[in-house]
Amino acid sequence: MLYLTRKVGDSVVIDDNIEVTVVEVRGKTVKLGFTFPEDVQVLRRELYDRIQEENRSAAVSEDLIRHLGTVGSSDKAASEKKSDSNED
């Protein structure tokens, strides 16, 4: 991790197209300003973490749904096979 010391009004530039400026310092709180292209997504860490967790949960749910569909298909196939053998 890179650590920088900046004063109010100072900026850092990332990849030639993202600028982060120290706007205000009040006690233990720092207000930052960001200038970045429209196609770049900037999120607070807690929001980013929540989105990642929801994505992981959704992926697990999709796997479970796929698995349940497979189980249902197996049950149906077994039932049809049993039904076919009863006709004999």
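The values are calculated or read from the model by the stated rules, or taken from the named source; none is laboratory data. Since this is a predicted model, take the numbers as computed values, not measurements. Heads up, the Cβs are rebuilt from the backbone with ideal geometry, glycines too, and the neighbour counts pull from every protein chain shown.
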Residues in the range 30-88 that are surrounded by 10 or more Cβ atoms within 10 Å (Cβ to Cβ), among the small types (Gly, Ala, Ser) and modelled with pLDDT under 75 total 8
Members of the range 10-27 that are in a loop (DSSP other than H, G, I, E, B) and out of contact with any strand residue (DSSP E or B) (no Cβ under 7 Å at 6 or more places or on another chain)
Asp15, Asp16, Asn17, Gly27
Mind checking which pairs have a first residue in the range 15-36 that is over 15 Å from Leu4 (Cβ atoms) and a second that is surrounded by 11 or more Cβ atoms within 10 Å (Cβ to Cβ) and among the small types (Gly, Ala, Ser), Cβ under 8 Å, 6 or more apart or different chains?
Val23/Gly33
